[in-house]
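Read-outs: derived from the displayed coordinates by stated rules, not from any lab. This structure is a prediction, so every number in the text was calculated from the model and none was measured. Neighbour counts are summed over all protein chains in view; Cβ atoms, including those assigned to glycine, are modelled from backbone coordinates with ideal geometry.
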Amino acid sequence: MTALPVAGPRLPGLPPQSQASLPPQSNPGSSQPPQGVLREIPPAILCKIGQETVQDIVSRSMEIFHLMRATQLPNGVTQSHAVYQDRFHKLQEHLRQLALLFRKLRLLYEKCAETTAELGETPSELIPYLGEEAPGVQVDPCGLTAQWERQEVFKKVKQKNQEMKLLMDQMRNLLWDVNAMLTLRK
């Protein structure tokens, strides 16, 4: 029986393909990756990890809100001190984890901004059509045919709507007349 090679340390939130290309960790007893590791991770992977971190932040926040909703306000009824302490410790742990997740998100943002700084584009330049008109769209002959058919269908629908409105008005007048005759009959 041959032993499988032991893989290097795994970073949470990083796909195995990206982790395979990472250099071996210099200090095996530490849970933190070496400083150069984050610099070598592509920005797309950093963004993916950031997205997962944001999802974790949202789920932790939801857990905090659920915990707060389940907590009763003091209304003169004494609760068990152990229950109070348990909820208090859970809340403290969630808040501590939330603070760590925000720090992780800030680090990911800074690393991503650092690695993409050479692109030379500011985030406002990445937003399409900010402060400008949309560029003209080339229309091909197939598009003209589709546009003509759309206009024809639109005209037919408009005509049918007019006919239905006319019929509804006639029905309304007929109902008024019937109601007026029934009232006079009594």
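So what J values fall out for the stretch 164-175 if you push phi through Karplus, 6.51 cos²θ - 1.76 cosθ + 1.60 with θ = phi - 60°, rounded to Hz, Gly and Pro as x?
5, 5, 4, 5, 5, 5, 5, 5, 4, 5, 5, 5
For residue 88 and residue 72, compute 0.36 nm times the residue count separating them, minus their Cα-Cα distance, and round to one decimal in nm. Intermediate values should be presented prior to the final figure.
Details: separation 16, 0.36 × 16 = 5.76 nm, distance 1.25 nm.
Length gained, residue 88 through residue 72: 4.5 nm.
Using the Karplus equation 6.51 cos²θ - 1.76 cosθ + 1.60 (θ = phi - 60°), what ³J(HN,Hα) coupling, rounded to whole Hz, does each residue of the stretch 177-183 give in order, writing x for Gly and Pro?
5, 5, 5, 5, 5, 5, 5
What net charge do the residues around residue 162 carry, taking every other residue with its C-beta under 15 Å from that of residue 162, with Lys and Arg at +1 and Asp and Glu at -1? Walk me through the numbers before you get to the answer.
Details: positive: 155, 156, 158, 160, 165; negative: 163, 169.
Neighbourhood net charge equals +3.
Using alpha-carbon positions, what is the distance between the centroids of the stretch 144-166 and the stretch 89-105, in Å?
So the separation of the two Cα centres works out to 58 Å.
Go through the stretch 50-64 residue by residue and turn each phi into a ³J(HN,Hα) via Karplus (6.51, -1.76, 1.60, θ = phi - 60°); whole Hz please, and just put x for glycine and proline.
x, 4, 5, 5, 4, 5, 5, 4, 5, 5, 4, 5, 5, 5, 5
By average Cβ neighbour count within 10 Å, what is the ranking of 104-110, 159-165, 46-52 from highest down? List each step's numbers first, then the result.
Details: 104-110: 15.7, 159-165: 10.0, 46-52: 17.7.
Averaged packing, sorted descending, gives the order 46-52, 104-110, 159-165.
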